[in-house]
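So the structure is just underneath, and the comments pick up after that.
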Amino acid sequence: MVFVALALASVQAVSAQIVEPGSVQSVSAAEVAPTAACPTLQDKDGRPCGVVRKIELRRALGERAVVLINSAGDVKPCKEPATHAFILQTTKGTKVLPVSVRCGTVGGRALPTTTTTEVRDFLRSQGLITGL
């Protein structure tokens with residue numbers, strides 16, 4: 001009975017992840033400007049669009065970004081447009097995750113308050129945030 005509960009808990013933890021860490025080949029942080037033609041920050045071919053500045057993260061920073069991304073919880077509506085994004089090249093293709101620091105979301109999912117602060121500081125340390 002305990003084994004089944006532990007197995008179920010581990011399956012739920014894995015399914016809650018936004019990104020499978022083992023599938024990530026590279027991570028970039030970007031400043032974005034969504035437009036009517038590019039609201040999801042990906043074009044019809046799956047390529048990033050609306051990117052103003054993009055910085056490819058070194059391995060340790062990329063791994064930290066994935067941890068921050070995966071700390072997000074449930075879907076949370078946000079009326080503030082994304083100002084940043086994490087762009088991940090994975091074994092399954094490109095994944096663009098819009099970030100709204102004001103709403104505290106990444107990929108449309110809510111970040112804990114402390115993680116929102118950490119994401120803001122992380123983006124600021126890459127020179128991508130001014131004034132937030």
For a quick check, take a GNM of the chain with Cα springs below 10 Å and name the residue from Lys76, Lys92, Lys54 with the largest mean-square fluctuation. Lys92
Please give the helix 59-70 orientation as an angle from the longest Cα principal axis of the chain, in degrees from 0 to 90, rounded to the nearest 10. 70
Once Lys and Arg get +1 and Asp and Glu get -1 on their Cβ, which of Ser125, Ile18, Thr91 lies farthest toward the positive end of the dipole of the chain? Ser125
For the pair Arg58/Ser125, report the inter-label distance in nm, with labels modelled 7 Å from Cα in the Cβ direction. 1.1
Under unit Cβ charges (Lys, Arg +1; Asp, Glu -1), what dipole magnitude, rounded to 20 debye, does the range 19-125 have relative to its Cα centre? 80
Quick one: net charge around Ser28, please, counting Lys, Arg +1 and Asp, Glu -1 for every other residue with C-beta under 15 Å from its C-beta. +4
Kirkwood hydrodynamic radius (Cα pairs, Å) of the chain? 15.3
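Values quoted throughout were computed directly from the atomic coordinates according to the rules given, and no laboratory measurement underlies them. Computed from a predicted model, the values in this text were never measured in an experiment. With ideal geometry, Cβ positions are generated from the backbone for all residues, glycine too; neighbour counts draw on all protein chains shown.
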